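The values are calculated or read from the model by the stated rules, or taken from the named source; none is laboratory data. Quantities reported herein were computed from a predicted structural model and do not represent experimental measurements. Virtual Cβ from ideal backbone geometry, glycine too; neighbours counted across all protein chains shown.
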Amino acid sequence: MKDDHCIFCRIANGEIPARTLYEDERFRVILDNGPATRGHALILPKEHYADIYALPDDLAADAMVLARKMAGRMHEKLHCDGFNIVQNNGTVAGQTVFHFHIHLIPRYKGDGQTIGWQPGSPSAEELDQTLQDILVE
Ligand code: AMP
Ligand code: ZN
């Protein structure tokens with residue numbers, strides 16, 4: 001399904017031009033137009049899913065295989081020193097476009113970017129409670 005009001009639907013389906021690195025039946029991979037680093041790219045499914053919760057399993061699997069292939073290609077061509085794969089869900093997590101996408105971010109020594117978090121220090125009881133809350137039986 002496609003949403004005519006969604007910019008990533010329109011880009012993924014070729015209605016709005018973008019710098020396309022790769023395309024197949026299910027995905028388009030484009031250069032991010034506000035890149036964190038040289039080569040920062042986005043994997044866009046051609047179908048509209050708002051976020052990871054909405055994603056069908058087979059598309060999720062294909063997206064990760066594509067991320068691996070693109071990372072290998074970009075590492076080879078850009079000679080980056082590292083690589084972040086980032087995927088944001090929800091405003092609080094930094095999502096600004098509500099069409100599922102995966103960020104491919106090549107990293108270079110001294111690139112000045114930070115993708116991270118402040119480590120917490122929960123008690124053993126808090127960790128145990130969290131474990132119980134999430135545990136997949
Ligand atoms: P997120 O914050 O995870 O939703 O990521 C959205 C990303 O899309 C940002 O990194 C933007 O720079 C990028 N972006 C938004 N519009 C465009 C566009 N028209 N072409 C390329 N990248 C875009
Ligand atoms: Zn969309």
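If I ask for residues that are in a loop (DSSP other than H, G, I, E, B) and within 30 Å of Asp4 (Cα to Cα), which ones from the range 71-99 would you list? Spell out how you get there, then give the answer.
First, pick out the residues of the range 71-99 that are in a loop (DSSP other than H, G, I, E, B): 79-81, 87-90, 94-99.
Within the range 71-99, Gln87, Asn88, Asn89, Gly90, Gly94, Gln95, Thr96, Val97, Phe98, His99 qualify.
For (1) of a type in the set (A, V, I, L, M, F, W, C); (2) away from ligand 2 (no atom under 12 Å from the Cβ); (3) out of contact with any helix residue (DSSP H, G or I) (no Cβ under 9 Å at 6 or more places or on another chain); (4) under 19 Å from Gly72 (Cβ atoms), each residue gets a yes or a no:
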position: Phe8; (1), (2), (3), (4): yes, no, yes, no
position: Ala18; (1), (2), (3), (4): yes, yes, no, no
position: Leu21; (1), (2), (3), (4): yes, yes, no, yes
position: Gly34; (1), (2), (3), (4): no, yes, yes, no
position: His40; (1), (2), (3), (4): no, yes, yes, yes
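Looking at His75, His101, can you tell me which residue is surrounded by 14 or more Cβ atoms within 10 Å (Cβ to Cβ), under 24 Å from Glu15 (Cα atoms) and not β-branched (Val, Ile, Thr)?
From the options His75, His101, the qualifying one is His101.
Are there strands (runs of 3 or more DSSP E) fully within the range 4-63 with at least 3 residues that are at pLDDT 95 or above, within 12 Å of ligand 1 (Cβ to nearest atom) and not acidic (Asp, Glu)? List them. Steps first, please.
Working: elements: 20-23, 27-31, 41-45.
Answer list for the range 4-63: 27-31, 41-45.
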